[in-house]
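Asks: Have a look at this one.
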Amino acid sequence: MRTRPFAVLVSIAVAACSQEPAGDAAAPARTGTPAPPSAAPPPAPEAVAAPDDLDVAALKKALTCAADAKKGPCAVLAAFGTCKPWNPVVPSGDGRWIGRGHRVEGGKTSDEFTVVRSRRVPSNEVGPGQLPAKVGISDVAKQEGSAFSQADRLIRTLERSDIPPRSNMALDYLKKRESWPEGFSMKTVGGQVYVASEGGAFACQGPKQELYLVQRAATRGGPGDGLYATVYPVSW
């Protein structure tokens, strides 16, 4: 009679041992894979060395400039000895200049009306070492008619630091011009502005916000070939 309860207890114990714990049954299966490590950040852009200043002495020698030159390419080169650094990132975001240029080709010099524009661009559009401004350098072609014929009058007004009349067609042409051959700009070792234009252009600023500009020719028949100009601001 005492064996029956003992058998019942043994059966209960065996059944309890055969069951899995409730906690283990509820645990989800680990079927996922570990997250990959985050990608390494892109390498920082390499520093770009500032270009050298314009070699004024070599150009003066190439053009056989007199020490007291008062006009032409040699006068522009002389101004580079006293001009100050120029900031092409102008307050308005779009600055424009006009003045007299002297183009040297194979030892011969011709005159033209030089125009310059400096346009601000977003910092994310420039490369390491470049300034957030594109600089355009061009001329007023004779085919522009009234703008060409009135350019000299406009420049003489600006040379005197007077206010030009709004009716001047050269002024109107300069303010409305949209197409420019532009190049990125950066500071040189000595603080001049270098522009990636033609064979390389250099600019600095005079005491009345005028700019002195030397643009080397892309292909040179002589060491002094290029454009030498003094330009005056009409907007900045």
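The values are calculated or read from the model by the stated rules, or taken from the named source; none is laboratory data. Predicted model, so just to flag it, every value in this text is computed and none were measured. Cβ placement follows ideal geometry from the backbone for every residue including glycine, while neighbour counts extend to all protein chains displayed. Calculation scope for accessible area: heavy atoms of the full protein, side chains included, ligands and nucleic acids excluded. Shrake-Rupley method; radii C 1.70, N 1.55, O 1.52, S 1.80 Å.
Asks: Report, to the nearest whole %, how much of the accessible area of segment 54-94 belongs to carbon and sulfur atoms, 1.4 Å probe, protein only.
Replies: Here it works out to 56 percent.
Asks: Related question: About the Cα centre of segment 169-231, what is the dipole size in debye to 20, counting +1 per Lys and Arg Cβ and -1 per Asp and Glu Cβ, all else neutral?
Replies: That gives a dipole near 100 debye.
Asks: Which residues' amide hydrogens lie under 5 Å from the amide hydrogen of VAL121, considering only partners 5 or more residues apart or on another chain, with H built in the peptide plane?
Replies: It is ALA133, LYS134, by chain and number.
Asks: Of SER110, PHE148, GLY95, which is farthest on the positive side of the dipole of segment 92-154, counting Cα position, with +1 on Lys and Arg Cβ, -1 on Asp and Glu Cβ, and the Cα centre as origin?
Replies: Ranked along the dipole, the leading option is GLY95.
Asks: Right, next: Calculate, for segment 106-169, the solvent-accessible area per residue in square angstrom, rolling a 1.4 angstrom probe over the heavy atoms of the protein chains.
Replies: 58 Å²
Asks: Please tell me the relative contact order of segment 87-130 in percent, rounded to the nearest whole number, where contacts are Cα pairs under 8 Å and at least six residues apart.
Replies: It comes to 42 percent, rounded to a whole number.
Asks: Can I ask one more? With all protein chains present, how much of the accessible area of segment 116-236 (probe radius 1.4 Å) comes from carbon and sulfur, to the nearest whole percent?
Replies: Of the solvent-accessible surface of segment 116-236, carbon and sulfur hold 48 percent.
Asks: Less than 23 Å apart at the alpha-carbon level, and either on another chain or at least 8 residues along: which lysines does that give for LYS176?
Replies: LYS134, LYS142
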